[in-house]
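Quick one: structure below, then a few questions.
The values are calculated or read from the model by the stated rules, or taken from the named source; none is laboratory data. Nothing here was measured: the structure is a model prediction, and the numbers come from that model. Neighbour counts are summed over all protein chains in view; Cβ atoms, including those assigned to glycine, are modelled from backbone coordinates with ideal geometry. The protein model used for the area step is the full one, side chains on, heavy atoms only, and it has no ligands, DNA or RNA in it. Shrake-Rupley method; radii C 1.70, N 1.55, O 1.52, S 1.80 Å.
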Amino acid sequence: MQLRQHPLPSPTPGTQRELVSLHYGQPGQGQKVYIQASLHADELPGMLTAWHLRRHFDALEAAGRLRGEVILVPMANPIGLSQWWLQSHLGRFEGLSGENFNRHYPEHIEAAARHAESQLGDDPARNVAVLRAALKTEVQASPADTELKALRKTLMLMACDADVVLDLHCDAQAMMHLYTETPCWPQCEPLAAYLGAGVTLLATDSGDNPFDEACSQVWWKWAKHFGDRFPIPQACLSVTVELRGQQDVHHDLAAKDAQAIVDFLIHRGVIASDAPDGATPPVPAPVGDARPLAGSIPVPSPVGGVLTFLREVGETVREGDVIAQVIDPISGSVTDLKSPTDGLLFARDTLRLVTAGARVAKVAGREATRTGKLLGAR
Ligand SMILES: [Zn+2]
């Protein structure tokens, strides 16, 4: 394993942060896997899972079982990790710009296509290599004059030419669930089964370019751009893995999740099987299914007050079911918050004090009913 340090530009004199990445296996041989933890620095299950993954990869590399390259970024956001306000940790939005750390990844699709076009041909594998090189050149050349931009650029440089990108996040209180782009679903399906995901939310262009979409969208957009002139496969599976809720930071869960990721990488052929007959871990029966992100409906509260939930995450609910109540302690009034659709209550808020207009839960229905930007701030 090679540990690399990536200094970020100093935002103010006397302070400087760095990003650390762990590099396993052989670059250029086999598939490339990129895994990062806690891009939202207040989402800690990913960091614990990354610690378990690190032990796996140390052992797998020593045993000669890595057939490709694995990059593990065990803590992807040193800026957010240092955001303390009095005794409270923040970590989701950058303080200077107010921007969400997992949005606004720059895209270089047209520029890379323009530079790669003369070298493209009938061989899909060669097209992939040419486009990856062109994309990497664009990312490398992109300006990064702030600490935030430099962080995004450093992460993208490591991930943009990977076959598999796993971005480890979590929700407030939630069951295991995934986000991926619709063209990635066939490759994602076994991962969802190994991880026991309750639901996988599918979209293309959900809005504001989160990290996972920035990595995978280049391929289906290039395929569209070049039409039938050149064969362009979906050469990157990129997934946001929501490792349940913010408080779900336990060794038993993290060990199970790390093992599921390792099993998936054996299934993908990135890690050699240690079974005598070379068998790969069987893909478990899926726990959940894939649903449109446009069918994942937030539950807003029209009033502020004390929030108390009547339903648990993981429950199937019907449209109109009361999921929570908001109590106004002064007037004594009670406001029912009802499910906007039939579906799976897969995530809800942690805070029990709600402000008027805030979204307190999410229900994944089967019908795509929402339009516009599909990802909220949370
Ligand atoms: Zn997150």
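Can residue 235 be described as within 30 Å of residue 36 (Cα to Cα), in contact with a Phe, Trp or Tyr (Cβ under 9 Å, 6 or more places away or on another chain), away from the ligand (no atom under 16 Å from the Cβ) and modelled with pLDDT of 95 or more?
Answer is yes for this residue.
Can you say whether residue 337 is out of contact with any Gly (no Cβ under 9 Å at 6 or more places or on another chain), under 25 Å from residue 242 (Cα atoms) and surrounded by fewer than 19 Cβ atoms within 10 Å (Cβ to Cβ), as far as the supplied structure shows?
Answer is no for this residue.
While we're here: Of the residues that sit in the stretch 48-107 and are among the aliphatic types (A, V, I, L, M), more than 17 Å from residue 241 (Cβ to Cβ) and not in a loop (DSSP other than H, G, I, E, B), which one is farthest from the ligand (Cβ to nearest atom)?
Applying the filter and picking the extreme gives 62.
Looking only at the stretch 23-43, filter to residues that are near the ligand (Cβ under 9 Å from one of its atoms) and touching a helix residue (DSSP H, G or I) at 6+ places or on another chain (Cβ under 8 Å); which one of those is farthest from residue 5 (Cα to Cα)?
Once the filter is applied, the top-ranked residue is 42.
Anything in the stretch 216-251 that is part of a helix (DSSP H, G or I) and open to solvent by 10 Å² or more (accessible area, probe 1.4 Å)? List them, or say none.
Selection gives 220, 221, 223, 224, 225, 251.
Yes/no per residue for (1) within 16 Å of the ligand (Cβ to nearest atom); (2) open to solvent by 70 Å² or more (accessible area, probe 1.4 Å); (3) not β-branched (Val, Ile, Thr):
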| position | (1), (2), (3) |
| --- | --- |
| 115 | no, yes, yes |
| 121 | no, no, yes |
| 128 | no, no, no |
| 139 | no, no, no |
| 144 | no, no, yes |
| 150 | no, no, yes |
| 155 | yes, no, yes |
| 163 | no, no, yes |
| 166 | yes, no, yes |
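For (1) assigned to a strand (DSSP E or B); (2) open to solvent by less than 80 Å² (accessible area, probe 1.4 Å); (3) in contact with a Pro (Cβ under 6 Å, 6 or more places away or on another chain), each residue gets a yes or a no:
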| residue | (1), (2), (3) |
| --- | --- |
| 4 | yes, no, no |
| 12 | no, yes, no |
| 15 | no, yes, no |
| 20 | yes, yes, no |
| 23 | yes, yes, no |
| 29 | no, no, no |
| 33 | yes, yes, no |
| 36 | yes, yes, no |
| 42 | no, yes, no |
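Being polar (S, T, N, Q) and within 16 Å of the ligand (Cβ to nearest atom), is that true of even one residue in the stretch 205-225?
Yes: the stretch 205-225 contains one or more residues that are polar (S, T, N, Q) and within 16 Å of the ligand (Cβ to nearest atom).
Pairs needed: first member in the stretch 224-246, touching a residue at least 12 places away in the same chain (Cβ under 8 Å); second member anywhere, among the polar types (S, T, N, Q) and surrounded by fewer than 17 Cβ atoms within 10 Å (Cβ to Cβ); C-beta distance under 9 Å; at least 6 residues apart or different chains.
Taking only residues 6 or more apart or on different chains, the pairs are 245/350; 246/350.
Oh, and also: Test residue 197 against the stated conditions and say whether it is surrounded by 24 or more Cβ atoms within 10 Å (Cβ to Cβ), more than 12 Å from the chain's Cα centre (by Cα), within 16 Å of the ligand (Cβ to nearest atom) and at pLDDT 95 or above.
yes
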